[in-house]
Amino acid sequence: QVQLVESGGDLVQPGGSLTVSCVASGTISRIHDMTWYRQAPGKQLELVASISPNGETTWADSLKDRFTISRDNAKNAVYLQMNSLTPEDTAVYYCNAIIRTWISERAAPYWGRGTQVTVSS
């Protein structure tokens, strides 16, 4: 089976920076788009950014100027660099990836369990 594991969540002061990571492992044949979502307390899941295998990105308009998404295909990893953080960025950040395994006929979405980012003084 495939696992996605996020890491790097932490407590950070307003104005600070933080990078969260997501690494996929398992019987992976190919990873298509990789996406970061986040969910603030009491709110709906929100799209942050998505990145294709060749590096094309899709962004939430409000976050594009502060965050950077990247991926390392050799490591089955996707990263989200967050700058100028505010308390409103406090959320659980989730990794999603469309993955084809060596067994499956079609690619399917997989989710990590999330990593907590807390922005507070």
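To keep it simple, each residue is scored yes or no on (1) at pLDDT 95 or above; (2) charged (D, E, K, R); (3) more than 10 Å from the chain's Cα centre (by Cα).
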{"position": "80", "(1), (2), (3)": "yes, no, no"}
{"position": "83", "(1), (2), (3)": "yes, no, yes"}
{"position": "89", "(1), (2), (3)": "yes, yes, yes"}
{"position": "96", "(1), (2), (3)": "yes, no, no"}
{"position": "99", "(1), (2), (3)": "yes, no, yes"}
{"position": "102", "(1), (2), (3)": "no, no, yes"}
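Among the residues of region 5-37, those identified as in contact (Cβ under 8 Å) with a residue 60 or more places away in the chain, open to solvent by 50 Å² or more (accessible area, probe 1.4 Å), more than 17 Å from residue 106 (Cα to Cα) and not β-branched (Val, Ile, Thr) are 7, 10, 11, 13, 14, 15, 17. Of the listed requirements (1) farther than 12 Å from residue 117 by Cα; (2) touching a helix residue (DSSP H, G or I) at 6+ places or on another chain (Cβ under 9 Å); (3) not hydroxyl-bearing (Ser, Thr, Tyr), residue 40 misses just one: (1). Filtering region 87-97 to residues that are open to solvent by less than 50 Å² (accessible area, probe 1.4 Å) and of a type outside the set (Ser, Thr, Tyr) leaves 89, 91, 92, 95, 96, 97.
Within region 6-32, the set of residues being under 21 Å from residue 66 (Cβ atoms) and in a strand (DSSP E or B) comprises 6, 7, 11, 12, 18, 19, 20, 21, 22.
Between a residue in region 60-89 that is on the phi > 0 side of the Ramachandran plot and any residue that is part of a strand (DSSP E or B) and hydrophobic (A, V, I, L, M, F, W, C), which pairs come within a Cβ distance under 7 Å, given they are 6 or more apart or on different chains? Close Cβ pairs satisfying both conditions: 76/23; 76/24; 76/28; 76/31. Summed over region 38-86, residues that are among the aliphatic types (A, V, I, L, M), assigned to a loop (DSSP other than H, G, I, E, B) and open to solvent by 60 Å² or more (accessible area, probe 1.4 Å) total 1.
Going through (1) in a strand (DSSP E or B); (2) among the hydroxyl-bearing types (Ser, Thr, Tyr); (3) open to solvent by less than 60 Å² (accessible area, probe 1.4 Å) one by one, residue 110 falls short only on (3). In this structure, residue 101 does not qualify as β-branched (Val, Ile, Thr), open to solvent by 70 Å² or more (accessible area, probe 1.4 Å) and farther than 21 Å from residue 10 by Cα.
The values are calculated or read from the model by the stated rules, or taken from the named source; none is laboratory data. Only a predicted model underlies this, so the values are computations on that prediction, with no experimental measurement involved. Glycine gets a Cβ as well: all are built from the backbone with ideal geometry, and neighbour counts include every protein chain shown. Accessible surface areas use protein heavy atoms only, side chains included; no ligands, DNA or RNA. Shrake-Rupley method; radii C 1.70, N 1.55, O 1.52, S 1.80 Å.
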